[in-house]
Amino acid sequence: MIFFKHNVSKSKKGLYFLAITLGSALTLNAFAQNHNSSATSDLDYVNAVFSVSYNNTPASGDANLSIRNNQNTYDVNFSLKHSLLDATQSAQFIGKSCDITPTTYQSSTNPILRSSTKESLNFNWHGNTAIRQHNKDGEMQFDLSQGVYDPMSLYFKARCDLMAGKKQLSYPLIYKGRQTTHHYNVIGTEQIKTGVGEFEALVVQRQRSNPDRRTTFYVAPALNYLIVKIHHRENSLATVSMTLKSLDYQNK
């Protein structure tokens, strides 16, 4: 029974982290498609579904992503429903080529056997401040005198850098109640099978101080630098993956 509780806890933690990471990273997908097709038309919408696996075993429930573009204002919504966790994320930001300006961000997680969390970020660029509201931590204010991203919008900038051939990526952002910087390295390529075909993907790994925790993104240049898979290793006992299952999008 103790072993069971331990694994449930690790599973929830891995799913929670991957839900937040996936919802953030998948915003890259649609913007990459929009960027490469902008010579002919603008992106109108994206609907994507990702399958979930835990320790290489298919898990119940899928992750869903929707994106809508209204005159360069992007509305993004992500949801994951699983027996251990319900999680949602949403963001709105302005995207003009590689100039990304976040405006709002919200997230909500409802894990079993633990209390729910809710968070919001509101960016006031004229006043150079961002306000974070959290149901447990209360309100916090951040200085915007230098550009920062939220956990979703930073991946739009990452798409530009990957298309430019960069191998080392760094982005300032507001994450978990503090201003920090996330670092990523392109470490090679790998063939990835998805629900919409097999693709050669760039392997992009987030750099961490803890070597036991690894988050790897697989980005397919043939799909306009779409993220087709994310794999997160929480520790030696818990790994979680999400892989592209279906994709529907349309240009304006």
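Read the figures in this text as sums done on the coordinates, not as results from a lab. Treat the numbers as computed from the prediction; the structure is a model and nothing was measured. Glycine also receives a Cβ, built like all others from the backbone with ideal geometry; neighbour counts cover every protein chain displayed.
Tabulated data
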read-out: Charge dipole (debye, nearest 20) of region 49-251; +1 at Cβ of Lys and Arg, -1 at Cβ of Asp and Glu; value: 320 debye
read-out: Net charge of Cβ neighbours under 11 Å - reference R208; Lys, Arg +1; Asp, Glu -1; value: +3
read-out: For region 195-209, 3J(HN,Hα) per residue [Karplus equation, 6.51 cos²θ - 1.76 cosθ + 1.60, θ = phi - 60°, Hz, x = Gly/Pro]; value: x, 10, x, 9, 9, 6, 10, 5, 9, 10, 10, 6, 8, 10, 6
read-out: Using θ = phi - 60° and Karplus 6.51 cos²θ - 1.76 cosθ + 1.60, couplings along region 84-92 (whole Hz; Gly, Pro as x); value: 9, 7, 10, 9, 9, 9, 8, 8, 10
read-out: Shape of region 85-144, Cα gyration tensor, a/c cut at 1.5; value: oblate
read-out: Net charge of Cβ neighbours under 13 Å - reference H134; Lys, Arg +1; Asp, Glu -1; value: +2
read-out: Sum of side-chain charges, V196 neighbourhood, beta-carbon under 11 Å (Lys, Arg +1; Asp, Glu -1); value: 0
